[in-house]
1. Suppose we look only past 19 Å in the calculated P(r) of the stretch 20-153. What percent of the Cα-Cα pairs does that tail hold?
2. Between PHE153 and GLN85, what length in nm is gained on full extension when 0.36 nm per residue of separation is reduced by their alpha carbon distance?
3. Using alpha carbons only, how many angstrom separate the centre of the stretch 135-155 from the centre of the stretch 1-32?
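Derivation of every value follows stated rules applied to the coordinates shown; laboratory data play no part. What you are looking at is a predicted structure, and each value in this text was computed from that prediction instead of being measured.
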Amino acid sequence: MRTPIKHPKHREPDVRYNDLEVSKLINYVMHNGEKSIASRIVYAAFDIIGEETKQDPLEVFKLAMANVEPALEIKTQRIGGANYQIPFPVRPERKIALAFRWILEASRSKKGQPMAQKLAAEIIAASKEEGNAVRKKNDTQRMAEANRAFAHFAQ
């Protein structure tokens, strides 16, 4: 059976930076449909990034996203009674989704600070190729490289 064709949804860019990835980040941060709170958190985090790095926060964010996006991921497949970890290339949409998920997971796991500060710290760390989100990406890449022998099972 063929996979269905995905029609991309029309997304509106965010208000302050006029960028689609920032509006996606706001949607990922959002809980219980409270978008105004999520946008306040993201914009406060970007202000903190601008103050700490003395650079354009959007450029730091783009660099962090490029450092966190994985090229390969592992999928488990059962073949002939054995389970194999098979490396697959990651689709561009999924790269962005995984990067957002890992950055938010790493920032939410920190304790004792407001969410804007935790998010800003994780984005700054990711732009310097440090932090938990980059570690998660490196672990995934390492697992994929270790299981490269099973790549011929990919369909």
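1. Details: 4676 of 8911 pairs.
Of all Cα-Cα pairs in the stretch 20-153, 52 percent lie more than 19 Å apart.
2. Details: separation 68, 0.36 × 68 = 24.48 nm, distance 0.96 nm.
Contour length minus Cα-Cα distance gives 23.5 nm.
3. A separation of 28 Å, based on Cα centres.
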